[in-house]
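Working notes for the structure below.
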Amino acid sequence: MTTAAALRRTILACGSAAAAFAVTAGLAAPAHADHEDTPTARQLLERCDNGTDACVFHPEGPLREHQAARHVVGDPVYNCTDREQWMSVSWADTTSESNSVGLSLAVEYGFASVFKASFEVTYGHEWKTEHSESQTTTVITAPGEVGRVYVGPKMQTAEGTYELRFPDRYYGHYIWYVPFEATGPTEDQSGTITQSTRPMTSAERAAHC
Amino acid sequence: MKKALPYAAVGGAALLLSTALTSGTAAAEEEEHCIANMDTGEQTCFATLDAAISAAEEETEPSGPTTLSAQAQNDVIQGTFFTERGYGGDSLTIWGEAPCVKDGWVDYEFNLTGDFSGWANRISSAQPWADCWIWLYPEPDLGGSRDGPYKENTTYVGDFMNNRTVSIGFS
């Protein structure tokens, strides 16, 4: 292959690298490619800094921010009067992180602390495992309308790969790589609360008025 | 200077190629994510995750639902380099036969010349793997005034070597 040849020539030109490859080739231990048992990502991450020589999270690409699908919070309010009403909706909502492995990032040890430390260094702010908010929102409803409050949390997604190096073979290998993706709420949650009104259905009118 | 590594000390290694094969978002469609083998010099590039995974499956042993793949050879990822700060832009992941050994010697070097010249003078962020420290040089064959060692994931290599790297040392 042209590329390989070009690089090999480059390395050979440096002298000792060629010797390195030549010597080490003769010492190559057979890889345990026939090892059929394979740990799950969960098993591996549970060993992060818990029996490893090193556990490193390598972030991949810039942080991706997006807004989660909005969902209703609090109870709907029904304006059964013949005048416009300013109606209060009290609500509480919690947005939690999720990740591709299903292990909680809320703990302060192991793979979670490795991820959060790497995240902070890379993106300049702390990983937020959870965002809770509660408030009373005023909804202006016209006569015969139902009003609802919605929250669409701002989320951030980070992805990358864990590199776990073991002092002894673990499931036949010294090094394992685990892909990982986590999504959690951003620090700034402004503009995520919306409200909407619409005419009540006859069923709603019958039930609530 | 380089030295031989006790290959047998490394044993098996599992490789997941998706490290270099980032997801196929719309913004990433024009990006290029390549894997280069330190030993053979073979370079494979991917534009999308699907294409990358398909190619990776051909080279690795599928091993269960976690999408982990075990490489039949003893290769390990030694470093990933990005053309933008914060691990953005195009990426070049270099993998070789073994982790680095901390004894003051450069174990491996990689020149961004020849078929890899497209990567020269473009590196802005870097991630060392396999216990390697990374050294960046402005000239081929580890020439010129270097910067490093970059011992950890580095979102910005610094003004001195930003967009100036032509060769890389792994120690």
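The values are calculated or read from the model by the stated rules, or taken from the named source; none is laboratory data. Note that the structure is predicted; figures quoted are calculated from it, not measured. Because the Cβ atoms are built from the backbone with ideal geometry, glycine has one as well, and the counts that use them run over all protein chains shown.
Consider A:THR122 carefully, then state whether it is modelled with pLDDT of 95 or more and β-branched (Val, Ile, Thr).
On the way: modelled with pLDDT of 95 or more: no; β-branched (Val, Ile, Thr): yes.
No: the conditions fail for A:THR122.
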Residue tally, condition in contact with a strand residue (DSSP E or B) (Cβ under 9 Å, 6 or more places away or on another chain) and on the phi > 0 side of the Ramachandran plot, over segment B:118-140 | 2
Among the residues of segment B:129-152, which ones are modelled with pLDDT of 95 or more, in contact with an Asp or Glu (Cβ under 7 Å, 6 or more places away or on another chain) and either among the β-branched types (Val, Ile, Thr) or closer than 28 Å to A:TYR177 by Cα (or both)?
-> B:LEU136
Of (1) under 22 Å from A:ARG169 (Cα atoms); (2) at the interface with chain A (Cβ under 8 Å from one of its Cβ atoms); (3) at pLDDT 50 or above, B:CYS100 satisfies every one except (2)
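How do the helices (runs of 4 or more DSSP H) wholly within segment A:1-83 filter down when requiring 1 or more residues that are at pLDDT below 50: which remain? Step through it out loud before you land on a result.
Working: elements: A:2-13, A:16-26, A:41-46.
Where helices (runs of 4 or more DSSP H) fall fully within segment A:1-83 and carry at least 1 residues being at pLDDT below 50, they are A:2-13, A:16-26.
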Sole miss for B:TRP105 among (1) closer than 19 Å to A:HIS58 by Cα; (2) out of contact with any strand residue (DSSP E or B) (no Cβ under 8 Å at 6 or more places or on another chain); (3) aromatic (Phe, Trp, Tyr) is condition (1)
Please find, within segment B:103-116, the residue that is modelled with the lowest pLDDT out of those that are more than 9 Å from chain A (Cβ to nearest Cβ) and under 28 Å from A:GLY160 (Cβ atoms).
-> B:VAL106
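So which residues in segment A:145-172 are closer than 30 Å to B:ASP75 by Cβ and among the hydroxyl-bearing types (Ser, Thr, Tyr), if there are any at all? If you could, list the steps in order and put the result at the bottom.
Keep residues of segment A:145-172 that are closer than 30 Å to B:ASP75 by Cβ, which gives A:157-172.
Within segment A:145-172, A:THR157, A:THR161, A:TYR162, A:TYR170, A:TYR171 meet the criteria.
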Qualifying residue in segment A:134-151 (condition: out of contact with any Lys or Arg (no Cβ under 6 Å at 6 or more places or on another chain), within 14 Å of another protein chain (Cβ to nearest Cβ) and either in contact (Cβ under 8 Å) with a residue 12 or more places away in the chain or surrounded by fewer than 21 Cβ atoms within 10 Å (Cβ to Cβ) (or both)) | no
Check segment B:125-139 and report whether any residue there is touching a Phe, Trp or Tyr at 6+ places or on another chain (Cβ under 9 Å), more than 13 Å from chain A (Cβ to nearest Cβ) and part of a strand (DSSP E or B).
-> yes
Restricting segment A:156-194 to residues that are crowded, with 17+ Cβ neighbours inside 10 Å, away from chain B (no Cβ under 14 Å) and over 18 Å from the mean Cα position of the chain (by Cα), the residue that is nearest to A:TYR78 (Cα to Cα) | A:ILE193
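Test A:PRO76 against the criterion of being of a type outside the set (Ser, Thr, Tyr), surrounded by 15 or more Cβ atoms within 10 Å (Cβ to Cβ) and within 8 Å of chain B (Cβ to nearest Cβ), and give yes or no.
So A:PRO76 fails the test.
Among the residues of segment A:160-209, which ones are among the hydroxyl-bearing types (Ser, Thr, Tyr) and outside any strand (DSSP E or B)?
To start, the set of residues in segment A:160-209 that are among the hydroxyl-bearing types (Ser, Thr, Tyr) comprises A:161-162, A:170-171, A:174, A:177, A:183, A:186, A:190, A:192, A:194, A:196-197, A:201-202.
Once the filter is applied, which keeps residues that are among the hydroxyl-bearing types (Ser, Thr, Tyr) and outside any strand (DSSP E or B), segment A:160-209 yields A:TYR171, A:THR186, A:SER190, A:THR192, A:THR201, A:SER202.
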Please go through segment B:82-106 and pick out each residue that is of a type in the set (Val, Ile, Thr), over 10 Å from B:ILE168 (Cβ atoms) and outside any loop (DSSP other than H, G, I, E, B).
-> B:THR83, B:THR93
Does B:GLU109 meet the test of being surrounded by fewer than 19 Cβ atoms within 10 Å (Cβ to Cβ) and either assigned to a strand (DSSP E or B) or under 15 Å from the mean Cα position of the chain (by Cα) (or both)?
-> no
Going through segment A:175-203 in order, the residues found to be over 25 Å from A:GLU97 (Cα atoms) and among the β-branched types (Val, Ile, Thr) are A:ILE175, A:THR197, A:THR201
Of the residues that make up segment A:115-128, is at least one out of contact with any Ser or Thr (no Cβ under 8 Å at 6 or more places or on another chain) and of a type in the set (S, T, N, Q)?
-> yes
Of the residues in segment A:99-148, how many are in a loop (DSSP other than H, G, I, E, B), out of contact with any strand residue (DSSP E or B) (no Cβ under 9 Å at 6 or more places or on another chain) and within 16 Å of A:HIS58 (Cβ to Cβ)?
-> 0
